[in-house]
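Visitor: Starting off with a structure, shown below.
The values are calculated or read from the model by the stated rules, or taken from the named source; none is laboratory data. It should be emphasised that the depicted structure is a prediction, and the values quoted were computed from it without experimental measurement. We place every Cβ from the backbone using ideal geometry, glycine too, and count neighbours over all the protein chains shown. Surface accessibility is based on the protein's heavy atoms, side chains included, excluding ligands, DNA and RNA. Shrake-Rupley method; radii C 1.70, N 1.55, O 1.52, S 1.80 Å.
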Amino acid sequence: RKEVEQDPGPFNVPEGATVAFNCTYSNSASQSFFWYRQDCRKEPKLLMSVYSSGNEDGRFTAQLNRASQYISLLIRDSKLSDSATYLCVVNIISSGSARQLTFGSGTQLTVLP
Amino acid sequence: EAGVAQSPRYKIIEKRQSVAFWCNPISGHATLYWYQQILGQGPKLLIQFQNNGVVDDSQLPKDRFSAERLKGVDSTLKIQPAKLEDSAVYLCASSPLWTLKNPNTGELFFGEGSRLTVL
């Protein structure tokens, strides 16, 4: 089983739609969680952290369910500029108290005009 | 502020040849990472340095891959000999020092990557 699994996608949605991505992780000792965004042929960039109580940043809402080892990202009122691959990232404390950030395979989103 | 610099941006080699990638992290960032991203997959950690020491190289294929970080600043990743399956983008990232007592946002700052094609 992969450490971090995501919806394979691709998701093709019209402008203005609401879309949700899911992510599950296998290591119950995972400490913290993030969503990164990666545009085509570009490097990944941090979109938002995911907090236990859930958090919102404009049109983006992230949720964490530790009991189910599940993370989600909701995008409301999709824009053309939201088209990208969304990467779920889990922070695991490895040996020596170093952190290891493990990336999922990503979910591709295309917002259509 | 200057970002993470990587070179070369593109490299095409034949299998069994060698290649080296260079990375200059953001000034002051203690932690440096090398990730391999194969097309259609997420980045996979190859090696992580804290200052000039290795903290995680568990997924580095040590029979062919090597990396060093001289003086805790620049880093070089080498592949020798290359295989067809090494075709990927090699991403370097850096972050401020992270410890259990000093958590940061978790943000990694990535370079634009070095795209390797092995023929």
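Visitor: For region B:71-80, in order, what is each residue's ³J(HN,Hα) by Karplus, 6.51 cos²θ - 1.76 cosθ + 1.60 with θ = phi - 60°, in whole Hz (x at glycine and Pro)?
Guide: Per-residue couplings from phi come out as 6, x, 10, 5, 9, 10, 10, 10, 10, 7 Hz.
Visitor: So what's the gap between the Cα centers of region B:1-17 and region A:23-87, to the nearest angstrom?
Guide: Here the two parts' Cα centres lie 29 Å apart.
Visitor: Here's another thing I want to ask about it. For chain B, with equal point scatterers placed on the C-alpha atoms only and solvent neglected, what are the log10 I(q)/I(0) values from the Debye formula at q = 0.18, 0.21 1/Å, to two decimals?
Guide: -0.88, -1.18
Visitor: Right, here's the next one. Sorting B:I47, B:I38 by accessible area (1.4 Å probe), largest first, what list results?
Guide: Solvent-accessible surface, decreasing: B:I38, B:I47.
Visitor: Roughly how many percent of the accessible protein surface of region A:25-113 is carbon and sulfur, given a 1.4 Å probe and a whole-percent answer?
Guide: Using a 1.4 Å probe with all protein chains present, region A:25-113 comes out at 48 percent carbon and sulfur.
Visitor: Related question: Using a 10 angstrom cutoff on alpha carbons, build the Gaussian network for chain A and name the most mobile of A:L87, A:L73, A:L101.
Guide: A:L101
Visitor: Here's another thing I want to ask about it. Determine ³J(HN,Hα), in whole Hz, for all residues of region B:45-51 in sequence, where each value follows from phi through the Karplus function 6.51 cos²θ - 1.76 cosθ + 1.60 and θ = phi - 60°; x replaces Gly and Pro.
Guide: Computed from phi, the couplings for region B:45-51 are 5, 9, 7, 10, 10, 10, 6 Hz.
Visitor: May I pose another question? Just tell me which lysines come within less than 23 Å, Cα to Cα, of B:K44; anything on the same chain fewer than 8 places away is out.
Guide: A:K2, A:K42, A:K45, B:K11, B:K15, B:K62, B:K78, B:K83
Visitor: So which GluC sites (Glu not before Pro) in region B:1-105 are both in a DSSP loop and have at most 12 other Cβ atoms within 10 Å of their Cβ?
Guide: Sites meeting the loop and neighbour criteria: B:E1, B:E14.
Visitor: Accessible area per residue of the protein assembly as shown at 1.4 Å probe, in Å²?
Guide: 49 Å²
Visitor: Further, regarding this structure: Taking all protein chains as present, what is the carbon and sulfur share of the accessible area of chain B, in % to the nearest whole number, probe 1.4 Å?
Guide: Carbon and sulfur atoms account for 51 percent of the accessible area of chain B.
Visitor: Let me ask you something else. Once you've got the GNM for chain A with C-alpha springs shorter than 10 Å, pick whichever of A:A84, A:A67, A:A20 has the biggest mean-square fluctuation.
Guide: Among A:A84, A:A67, A:A20, the largest mean-square fluctuation in the Gaussian network model of chain A belongs to A:A67.
Visitor: Kindly compute the accessible surface that chains A and B hide from a 1.4 Å probe when together, both sides summed, and give it to the nearest 100 Å².
Guide: That pair of chains buries around 1900 Å² in total.
Visitor: For chain A, set up a GNM with springs between Cα atoms under 10 Å and report which of A:S72, A:S32, A:S53 has the largest fluctuation.
Guide: Looking only at A:S72, A:S32, A:S53, the largest GNM fluctuation is found for A:S53.
Visitor: Go through B:V55, A:V90, B:V73 and list them by solvent-accessible area, largest first, probe radius 1.4 Å.
Guide: Largest to smallest exposure gives the sequence B:V73, B:V55, A:V90.
Visitor: Could you rank B:I12, A:I93, B:I79 by how accessible they are, 1.4 Å probe, largest area first?
Guide: Of B:I12, A:I93, B:I79, the descending order of accessible area is B:I12, A:I93, B:I79.
Visitor: Taking the Cα centre of region A:1-79 as the origin and placing charges on Cβ (Lys, Arg +1; Asp, Glu -1), which of A:A62, A:S28, A:G16 is farthest toward the positive end of the dipole?
Guide: My answer, from the dipole projection, is A:S28.
Visitor: How much of the DSSP bridge set in the protein assembly as shown is antiparallel, in percent, rounded to the nearest 5?
Guide: 90 percent
Visitor: Write down the Å³ per residue value for the convex hull defined by the alpha carbon atoms of the protein assembly as shown.
Guide: 134 Å³
Visitor: Which loop-located trypsin sites (Lys or Arg not before Pro) does region A:2-53 contain, where loop means any DSSP state but H, G, I, E or B and the Cβ has at most 15 other Cβ atoms within 10 Å?
Guide: For trypsin sites (Lys or Arg not before Pro) across region A:2-53 that sit outside H, G, I, E and B with at most 15 neighbouring Cβ atoms in 10 Å, the list reads A:K2, A:R41, A:K42.
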